[in-house]
Amino acid sequence: MSTIRINELDYSYNDNCIFSDLNYYLKKDKSLSIIGPSGSGKTTLLKLLNGELEYDGNISISGVDVDIDNKNKINEKLAVVYDIDNFVNEKVIDELRYALENINMNPKDISEKINELYMFFDIKRIINKPISILSTKDKALVKILSYAIYGPEYIGLDDLLGYFDERTKLLLLNYFNFKGIRLINVTSNIEDIIYTDYTICLYDKIIAIEGKSLDVVKEEKLLKRLGLSLPFYVDLSIQLKLYGLINKICLSKEELVSNIWR
């Protein structure tokens with residue numbers, strides 16, 4: 001059962017308290033965005049989930065306690081991608097195969113996994129190219145897929161969705177769903193929370209807002225008080241809805257235009 005539980009989490013760094021008595025439960029098979037102002041602990045929380053930091057309290061992923069002794073088990077359940085640097089191999093194909101070869105998957109199954117990527121993404125054009133010559137977008141895609149290809153229960157992305165256009169984001173989500181992977185999305189772009197089921201907003205050592213992602217977007221006054229700005233088209237759609245000019249909050253420019261001219 002894919003769930004994440006955080007109970008009475010306390011964490012400090014250099015005598016600076018980052019989290020105090022933090023509690024959260026992510027429902028079975030749901031995805032999550034983590035937002036908050038700069039310095040609120042978004043990446044730190046991802047590292048805690050990944051078993052990289054010592055803490056007080058309890059964190060568990062799918063019933064496995066997150067601690068140093070269980071690091072290998074946690075890595076099977078959660079893969080975390082922090083940046084698009086530090087590739088192990090020179091070529092795209094070798095990077096994608098690397099994780100599968102490390103778990104001694106047979107060549108036939110590896111080929112099937114690579115073919116799955118062909119179903120979702122336009123990677124034939126880059127599959128045999130050196131990673132060093134790829135565009136930033138393609139590097140980000142290869143990096144994420146090199147972690148997702150072995151099929152962890154969750155994949156954590158540290159502010160990486162911003163590298164992609166909407167089409168590629170949707171392709172990634174479709175691939176994650178196909179593989180049964182749930183996204184943990186740390187993001188500084190509030191508009192990207194629409195790609196997950198739930199959202200938490202960190203502020204001053206606690207979770208200041210939590211709920212379904214669309215409900216969090218509706219907390220525009222509280223978000224602004226916490227120093228977070230809604231995308232212009234989301235903010236505008238909220239105001240237009242208040243005046244009865246449209247009937248819903250729009251989470252993309254295209255959706256807003258469509259509702260205005262309906």
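The values are calculated or read from the model by the stated rules, or taken from the named source; none is laboratory data. What you are looking at is a predicted structure, and each value in this text was computed from that prediction instead of being measured. With ideal geometry, Cβ positions are generated from the backbone for all residues, glycine too; neighbour counts draw on all protein chains shown.
Only one of Ser258, Ser237 is of a type in the set (Gly, Ala, Ser), in a helix (DSSP H, G or I) and buried (at least 18 other Cβ atoms within 10 Å of the Cβ). Can you tell me which?
Every option except Ser237 fails the conditions.
Among (1) in contact (Cβ under 8 Å) with a residue 12 or more places away in the chain; (2) surrounded by fewer than 16 Cβ atoms within 10 Å (Cβ to Cβ), which single condition is Asp109 missing?
(1) is the only condition that Asp109 fails.
Would you check if there is a residue in segment 23-30 being surrounded by 14 or more Cβ atoms within 10 Å (Cβ to Cβ), at pLDDT below 90 and closer than 18 Å to Glu153 by Cα?
No, segment 23-30 contains no residue that is surrounded by 14 or more Cβ atoms within 10 Å (Cβ to Cβ), at pLDDT below 90 and closer than 18 Å to Glu153 by Cα.
When you go through (1) modelled with pLDDT under 80; (2) in contact with a Gly (Cβ under 8 Å, 6 or more places away or on another chain) one by one for Tyr243, which number turns out not to apply?
Result: Tyr243 passes all but (2).
Based on this model, can you work out whether Ile207 counts as closer than 23 Å to Asn23 by Cβ, surrounded by 15 or more Cβ atoms within 10 Å (Cβ to Cβ) and in contact (Cβ under 8 Å) with a residue 24 or more places away in the chain?
Yes; evaluated as a whole, the condition is true for this residue.
Scanning for something buried (at least 19 other Cβ atoms within 10 Å of the Cβ), within 21 Å of the chain's Cα centre (by Cα) and within 27 Å of Asp29 (Cα to Cα), does segment 241-249 turn up at least one residue?
No, that holds for no residue.
Taking Asp65, is it surrounded by 13 or more Cβ atoms within 10 Å (Cβ to Cβ), without any contact (Cβ under 8 Å) to a residue 40 or more places away in the chain and charged (D, E, K, R)?
Answer is yes for this residue.
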